[in-house]
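Just below is one structure, and these are the notes that go with it.
The values are calculated or read from the model by the stated rules, or taken from the named source; none is laboratory data. Note that the coordinates shown come from a computational prediction; the quantities given were computed from them, not determined experimentally. Cβ sites come from the backbone with ideal geometry, for glycine too, and all protein chains shown count toward neighbours.
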């Protein structure tokens, strides 16, 4: 039985800091409790600082601030605008965008406790990223809500860690695709079927209904921190280079 390919994140080429190249850049930050959160909070805009105070648990506030700080830092780097001057708006289902953007940058953010990841590209017309800890456990009842018939059949012959690993891959890949399309989990994830092209070893996603004009690229990466990252990018390019850089 073939497993879904998952590349170690540090094995990807590094992002060049002098220019934005073609392809997809993944920026990531495995933050710690020792982070200077007062400095991070100060770098955010007032609305984001206010939202951070609404969280009941401090760890959730840290995750939110880490994600927003990473997003603003990277967008500032690529646009040349100060972090505070970036007007990041939420579209339908919360998909972020730069207000008045005219240079064709696609981007997406995902953050969880202890880790934040941000994807950005000039080649992608749609881009989504999702990150989950490898220790995440998906219950059978939940799996039945987002797995296709073919995926459920595949899972039926797996047990223990192998089954959980495949479930987590399905979940993160579908979440990244639905974030890329801007539909979020309001769409029906069980109508998406993930499979492996045995000729190219590429991850494919069958959709109902189908009809996308541009190519979709679906990739899985393993971060050194023990997190699984899924990226879905729609582009006219048949080959799409992925790069990575850890936030300094």
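Across the range 122-143, the qualifying residues are those that are out of contact with any helix residue (DSSP H, G or I) (no Cβ under 9 Å at 6 or more places or on another chain) and part of a loop (DSSP other than H, G, I, E, B), and the one among them that is surrounded by the most Cβ atoms within 10 Å (Cβ to Cβ) is 123. Here is a check on your reading of the model: is residue 119 touching a strand residue (DSSP E or B) at 6+ places or on another chain (Cβ under 7 Å) and either surrounded by fewer than 23 Cβ atoms within 10 Å (Cβ to Cβ) or assigned to a loop (DSSP other than H, G, I, E, B) (or both)? In short, no. Filtering the range 161-170 for residues that are closer than 24 Å to residue 115 by Cα, free of Cβ contacts under 8 Å to residues at least 60 places away in the same chain, under 17 Å from the mean Cα position of the chain (by Cα) and in a helix (DSSP H, G or I) leaves a non-empty set.
Residues in the range 5-22 that are touching a strand residue (DSSP E or B) at 6+ places or on another chain (Cβ under 6 Å) and in a loop (DSSP other than H, G, I, E, B): 6, 12, 13, 15.
Would you call residue 103 exposed (fewer than 10 other Cβ atoms within 10 Å of the Cβ) and modelled with pLDDT under 95? So residue 103 fits the description; yes. Within the range 62-77, identify whether any single residue is out of contact with any strand residue (DSSP E or B) (no Cβ under 7 Å at 6 or more places or on another chain), at pLDDT below 95, farther than 22 Å from residue 232 by Cβ and surrounded by fewer than 16 Cβ atoms within 10 Å (Cβ to Cβ), and answer yes or no. No, the range 62-77 contains no residue that is out of contact with any strand residue (DSSP E or B) (no Cβ under 7 Å at 6 or more places or on another chain), at pLDDT below 95, farther than 22 Å from residue 232 by Cβ and surrounded by fewer than 16 Cβ atoms within 10 Å (Cβ to Cβ).
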